[in-house]
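Laboratory data are not the source of any read-out in this text; all were calculated from the coordinates shown. Source: prediction; values computed, not measured. FYI the Cβ positions are ideal-geometry reconstructions off the backbone, even for glycines, and counts take in every protein chain you see.
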Amino acid sequence: MSSGDTKQMDDLFGMASASDSLPADAPLAARMRPRTLEEYAGQSHILGEGKLLRRAIEADRLSSIILYGPPGTGKTSLARLIAARTKSRFIELSGVEGSVADIRKAVGAAAIEARNGGRTLLFIDEIHRFNKAQQDALLPDVERGTVRLIGATTQNPFFSINSPLVSRSQIFQLQPLTVEELIALQYRAVSDGERGLGDLPVDLEEGAARHLATVSDGDARKCLNALEIAARTTPFGADGRIRITLAEASESIQKKALVYDGSGDDHYDTASAFIKSLRGSDPDAALYWLAKMLHAGEELRFITRRLVIFASEDVGLADPLALPLAISAQQAVEFVGLPEARITLAHATVYLATAPKSNSAYAALGAAEADIGTGRTLVVPPHLRDSHYKGAKSLGHGQGYQYPHDHVGGYVPQAYLPEGRTYYTPTRHGAEARIADRLEAWRQQFQESAIKQTGKV
């Protein structure tokens, strides 16, 4: 590639080399980007010794990949590390601002690089923001190997990225950094005189570092930038040192904001944790996930709808009061609204979490539906057919039907299914134990009656 071509590509895509230096006034998080895999913090589940991604990087056998994870977990840093480690030119596009024309220019630059014996890594941040046409435009050159694609996304790629592109890429999920990993990053930044805050006489107290790490919710960018604000704005002490205590740290980071997409993974994952905690009879966990949804502004109707469904699906007949209570909670939430609706939701959540559980009715319906879907549809027996119209009697409809209320206990042994199938098996949890006793007695009467009529055991 000629120097003119190189400069043109640099001008087009900004920082085109993974090793380019940053200006001195760049944010601390950008200056402290790891230069080697050894400096990279977190993600040991995919980058630890012997893990697939690390082996692929070290062997330079990496194909196109998609890095999926919340903000500040190192997606861009990892892409730059891969480019540097594999001696590839680094081109970065944004899914927010990029266009098909930008993709074609980037691929054209990669083709020039390839003709000169070089390789190009095309990094697309927020790749889920690309529309279908833009994502499709990448496919031919990804397949030909003109570029190695690394896409970064905070959205589940199996939902937000076209299937053809996903099928041609390996997916790696990045996790939020732990508190201890973020604390270590802060102390590394404080001691780094070349890129970090080592040029300042900073004393970072452990309580302050832990607070910044905790409130950052696994986001390294947020944590390091808050640390820099604390270091640059805290006055020198009498001893000429900058002492960052818990007070300075608290003032340097904004109120904790949840990473929560109301229509994506966070929405469904948190709701799943909420329901599973209710089903597992853990009121503490259920309240936590409820609090997270409320804090994030989850739609109240979504929460109450899940509670109503849960009352029938998972509590069921073990506590017949669960469903009316859930319905009452739904109506109360609609009537009261926030902030007081939180109290009603907590009431219903604790009740349902601590109620006895039974999914017997739900399971019984599933079994009946399976029979209808896979087996022969049963014909309604003549004695159960409608007899409230002229001519029904001549057809034999309703004949032989016994009215249960005319019998002692309101029950009479009588077949309601031609083949006598059984779907409902009550548990002995909570109030359903009484149902089990009644049903057992009725089924016993039915069997005894059938024996008398047929003479068969």
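A few remarks follow.
- Take every pair of alpha-carbon atoms less than 8 Å apart whose residues are at least six positions apart; their mean separation over the length of the range 179-252 yields a relative contact order of 36 percent.
- For Ile242, distant residues with modelled amide H under 5 Å away: Val202, Asp203, Gly237
- Take the Cα of His388, step 7 Å toward its Cβ, do the same at Phe302, and the gap between the two points is 4.3 nm.
- A cut-off of 5 Å between modelled amide H atoms, ignoring neighbours fewer than 5 places along the same chain, links Phe123 with Ile91, Glu92, Leu93, Ile150.
- Under the criterion of Cα pairs below 8 Å and six or more residues apart, the relative contact order for the chain equals 11 percent.
- Packing rank of 281-291, 43-53, where each peptide gets the mean count of other beta carbons within 10 Å, highest leading: 281-291, 43-53
- Packing order of peptides 231-244, 265-278, highest average first: 265-278, 231-244 (average count of other Cβ atoms within 10 Å over each peptide's residues).
- Label point 7 Å beyond Cα of Ala433 along Cβ direction - residues of the range 289-333 with amide nitrogen under 14 Å: 318-319
- Given their separation in residues at 0.36 nm each and the Cα-Cα distance between them, Phe236 and Leu22 gain 74.3 nm when the chain is fully extended.
- For the pair Ala364 and Gln447 in one chain, pulling the backbone fully straight at 0.36 nm per residue adds 27.8 nm over the alpha carbon distance.
- Within the set (1) 32.5, 108; (2) 21.5, 73; (3) 21.7, 68, the number that Rg and Dmax of the Cα atoms in Å takes when calculated for this structure is listed as (1).
- Among the listed pairs Lys51/Lys87; Lys292/Lys357; Lys357/Lys452; Lys222/Lys276, those whose Cα-Cα separation exceeds 27 Å are Lys357/Lys452; Lys222/Lys276.
- By the Cα gyration tensor, the range 179-252 has an equivalent ellipsoid whose semi-axes, rounded to whole angstrom, run 18, 14, 10 from largest to smallest.
- Sum of -39500 (n - 2.57) over DSSP H runs of 4+, divided by residues of the chain (222 nm, nearest 500): -15000 deg cm²/dmol
- Of Gly207, Gln175, Pro235, farthest towards positive along the dipole that unit charges on Lys, Arg, Asp, Glu beta carbons give the range 163-235: Gln175
- Structural descriptor for the range 331-457: relative contact order 22 percent, calculated from alpha carbon pairs under 8 angstrom and at least 6 residues apart.
- Calculated translational diffusion coefficient of the range 338-457 (4 °C, 1.567 mPa s; Stokes-Einstein with Kirkwood radius over alpha-carbon pairs) equals 71 µm²/s.
- Förster-model FRET efficiency, 25 Å R0, Asp371 and Leu395, C-beta, rounded to 0.05: 0.40
- Stretched out straight at 0.36 nm per residue, the stretch from Leu139 to Ile171 would grow longer than its current Cα-Cα span by 9.9 nm.
- Computed E for Ser250/Ser99 - FRET, C-beta separation, R0 41 angstrom, nearest 0.05: 0.45
- Shown is the FRET efficiency for Gln402 and Ile343, computed with R0 = 56 Å from the Cβ-Cβ distance and rounded to the nearest 0.05: 0.65.
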